[in-house]
Amino acid sequence: MKRVFAVSAAMALGMGAAYADDKPTDDEAAKIKAAVAEWGCEGGTYEKESEGSGVYEAEDVKCKAGQYDFRLDKDFKVFVITKD
């Protein structure tokens, strides 16, 4: 039983690593940049999750209070901000 659990856990971890984020299009990057600017922040690197979730990421964004990571939904609305 322990062996089955260990193999299942290893497969789950391996499958998660198979996904790589994509570079957003120029239009998507402009929308991410605009959404981040609404929070008074700028810069960072932008990614689009490749799992088809419609989630975008802006990482290492510089704000007055420090450096943050943003997560945006498919409509480019910020739903998570974490201090980097």
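Any read-out appearing in this document is the output of simple, stated calculations on the displayed coordinates, not a laboratory observation. Note that the structure is a prediction, hence the values are computed from the model and not measured. So basically every Cβ, Gly included, is an ideal-geometry build from the backbone, and we count neighbours across all protein chains shown.
Counting only residues at least eight positions apart within a chain, or on another chain, the lysines with an alpha carbon under 21 Å from that of LYS48 are LYS23, LYS31, LYS33, LYS62, LYS74, LYS77, LYS83.
Could you order the peptides 39-48, 75-84 from most to least packed, using the average number of other C-beta atoms within 10 Å per residue?
Most protected by this proxy first, the peptides run 39-48, 75-84.
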